[in-house]
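Participant: Could you have a look at this structure, given as structure tokens, before my questions?
Only the coordinates and a few stated rules stand behind these numbers; no lab work does. The model shown is predicted, which means the values in this text are computed figures rather than measured ones. No Cβ is skipped: glycine too gets one built from the backbone with ideal geometry, and neighbour counts run over all protein chains shown.
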Amino acid sequence: MGAGGLGEQEVAAGKRREGGSVRKVREKSQEQEGRREKSQEDGKEEEEQKSRREKSQGEGKEEEERGAEERRAKKTVKRKRSRRADERRAKEKVKKKRSEEQKREEPRRR
């Protein structure tokens with residue numbers, strides 16, 4: 001039995017089974033072979049598409065993770081800035097209170 005064609009015995013068996021001519025039996029077997037090859041090619045294409053989809057989804061995940069990292073970094077920076085600003089305000093408040101106390105104390109000293 002050949003890969004693409006039928007041997008004489010297969011043709012004869014097909015002819016008896018189908019009741020047709022040798023040419024018709026060969027044409028039918030070639031059609032079947034063509035369909036088989038096409039379905040194999042379709043299967044390969046589906047596999048390739050699936051792998052491409054998975055790859056693109058993986059790239060999307062990487063971008064998402066990168067974006068999440070960037071957002072976390074920005075939040076950290078914001079928190080640090082906010083904390084520094086709060087500390088600065090607290091220092092200024094203490095400084096202001098001290099200066100007010102000193103102003104109150106000076107007239108008493110005189």
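Participant: Could you name the aspartates and glutamates whose alpha carbon sits less than 20 Å from that of Lys95, not counting residues in the same chain fewer than 8 places away?
Facilitator: Straight-line reach from Lys95, under 20 Å: Asp86, Glu87, Glu105, Glu106.
Participant: What is the sum of charges around Arg52, taking Lys and Arg as +1, Asp and Glu as -1, for the other residues whose C-beta is under 12 Å from the C-beta of Arg52?
Facilitator: Working: positive: Lys50, Arg53, Lys55; negative: Glu45, Glu46, Glu47, Glu48, Glu54, Glu59.
Neighbourhood net charge equals -3.
Participant: Quick one: if the Förster radius is 30 Å, what FRET efficiency do Arg66 and Lys44 give, using the C-beta to C-beta distance and rounding to 0.05?
Facilitator: Details: r = 33 Å, r/R0 = 1.10.
Given R0 = 30 Å and the Cβ-Cβ separation, E is 0.35.
Participant: If you don't mind, there's one more thing I want to ask. Using label points projected 7 Å from each Cα along Cα→Cβ, tell me how many nm separate Arg52 and Ala90, to one decimal.
Facilitator: According to this spin-label approximation, the distance is 5.9 nm.
Participant: Between Val77 and Glu27, what is the spin-label point distance in nm, taking each point 7 Å from the Cα along the Cα→C-beta axis?
Facilitator: Going by the 7 Å Cα→Cβ label model, 7.4 nm.
Participant: Which lysines, on any chain, are close to Lys44 with Cα under 19 Å apart, when same-chain ones fewer than 8 places away are left out?
Facilitator: Lys55
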